[in-house]
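Since the structure comes first, as structure tokens, the remarks are kept for the end.
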Amino acid sequence: MAEILLRRESYGGFVFHPTDATFVHLDEPAFRMAAAAFCHGEEPRDEESGAVLRELREALPAPISGARYLDLGIEAPAPVSNLYSAPTLMDFQITDNCELACPQCYASSRPDGKHVSWDDARLAMARMREAGVCQVAIGGGEPLRHPRLADILAEARDNGMVPNVTTTGIGATREQLDALARHCGAVALSLEGVGDNFSLRRRQGFAVFEEQVARLRHAGIKLVLQITLSAENCDELPEMVDYALGVESLYGVIFLAHKPAGRGVRFDSPLSGRPFASVYPHVIEAVHRLRAHTQVGFDCCLSPLLTALEQDLGFPPMGIVEGCSATRGSLGLTVDLDCVPCTFLPEQPLGNLRRDSLLDIWRGYQSRRFRQGQAAFLERDARCAGCGVNSVCLGGCPVWDLVGCRHAEPPAA
């Protein structure tokens, strides 16, 4: 049994079911009808509304124990499109501690890094519930090194949210594996190469990585592989896809963009360092191969590349493109409870959850200023400003030039 969340938004609202992270957007009339039905037991009287409600119920897993309604108010006017009334996703860095010191670690984690305290973790989860956050991405450091990881995952679930974890898998106890399987929507391992190419970027080595893949799968965990693409490893993508296709019952593959943050400043470089025409064929081939076997997702920082994928994969215009979600639908959260636009930007605090509510931070001056920067970023050159999908693509990451774009690439001579 699970309680669903109905949260009002400027376009109407959404319904979120935490059992499997089902997320359904509804326009204003449909959202009012759903709220009346789920929160007050009022069934629609006309057949058209009744059909919409039946379709919604079929999309939500059963059973439903109750419904929680949130109307946080709508800010207007918004400087960027698709601005939510509060975050739907929080990226929570619960520890700075990791023993590996991988050369491309954006968090620059260390063996003596600190853990978030249990009191702070509980406070953070309560603040997130108040704002109607739906999912919590748990990262680090190495989350498995946190002594109360299992409790943090349970606390997220108890507050109506779905936790997801990024880990190496190294050192997981039986209790932690059980907690990951019981509470997480998915658990991700990072894959930036195969064999010796993996070992260049991940200190544990490829044999240890394969051991963790087998161990997580054996524990019944929904396993995702995260492939961080850089200018240096893009040509190795076919080998990474070969490996992923050999992992039985793989839950999904997510493509991320390499960011020059932390130790990553000195190791590898963004895809923008290569011509778009030399990157895109590798990516479109990889997506075609993977889609036949598993789910495929993308980091929002890859939005300029997604505009080409959308067209070539046959999706409707602006159907899969999602620009930078920082301060529009998501925030990062550090081990000290500083809210930041994303965890790649720890030096840009927006507020602290020990002092302020999440909603106050979301609506605060620093968050508004970041959104204004996102909007201004679209004007950086005429090709981006005049593009037909810029309202959703937002030109990519507003901080770094991470990936090229078919629309902005100079025509061939």
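The values are calculated or read from the model by the stated rules, or taken from the named source; none is laboratory data. What you are looking at is a predicted structure, and each value in this text was computed from that prediction instead of being measured. We place every Cβ from the backbone using ideal geometry, glycine too, and count neighbours over all the protein chains shown. Just so you know, the surface numbers come from the protein's heavy atoms only, side chains and all, with ligands and any DNA or RNA stripped out. Shrake-Rupley method; radii C 1.70, N 1.55, O 1.52, S 1.80 Å.
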Hey, what D do you get for segment 320-364 in µm²/s if you plug the Kirkwood alpha-carbon radius into Stokes-Einstein at 25 °C and 0.890 mPa s?
229 µm²/s
Just the Kirkwood number for segment 231-335, please: inverse of mean 1/r across all distinct Cα pairs, in Å, one decimal.
15.2 Å
Can you tell me, using C-alpha contacts under 8 Å and at least 6 residues apart, the relative contact order of the chain as a whole percent?
15 percent
Span-rule helices in the chain, defined as complete DSSP H runs reaching 15 Å or more along the axis (Cα) with Kyte mean at least -0.5
28-40, 206-218, 276-291
Restricting segment 181-282 to trypsin sites (Lys or Arg not before Pro) in coil, as DSSP defines it, with at most 16 other Cβ within 10 Å:
ARG203, ARG266
Find which of GLY386, LEU402, VAL241 sits farthest along the positive direction of the dipole of the chain, computed with +1 on the beta-carbon of Lys and Arg, -1 on that of Asp and Glu, about the Cα centre.
LEU402
For segment 223-327, which GluC sites (Glu not before Pro) are in a loop by DSSP, counting at most 11 other Cβ atoms within 10 Å?
GLU248
How many percent of the accessible area of segment 34-118 is carbon or sulfur, using a 1.4 Å probe?
50 percent
Might you tell me the accessible area per residue for the chain, computed with a 1.4 Å probe and given in Å²?
43 Å²
Segment 1-67: trypsin sites (Lys or Arg not before Pro) falling in loop per DSSP and having at most 13 other Cβ within 10 Å:
ARG45
Nearest-0.05 FRET efficiency for GLU58 and ASP178, computed from C-beta distance (R0 35 Å)
0.65
For a paramagnetic label modelled at 7 Å from the Cα of HIS293 toward its Cβ, which residues of segment 207-245 fall within the zone defined by backbone nitrogen distances under 13 Å?
225, 238-245
Per residue, the convex hull volume that the Cα atoms of segment 85-176 enclose (Å³):
91 Å³
Could you compute how fast segment 190-283 diffuses translationally, taking Rh as the Kirkwood radius over C-alpha pairs and applying Stokes-Einstein at 4 °C with viscosity 1.567 mPa s? Give it in µm² per second.
93 µm²/s
Can you check what the Kirkwood hydrodynamic radius comes to for segment 1-82, Cα pairs only, in Å to one decimal?
13.2 Å
Could you please tell me the mean projected area of the C-alpha convex hull for the chain, averaged over all directions and given in square nanometres to one decimal?
20.2 nm²
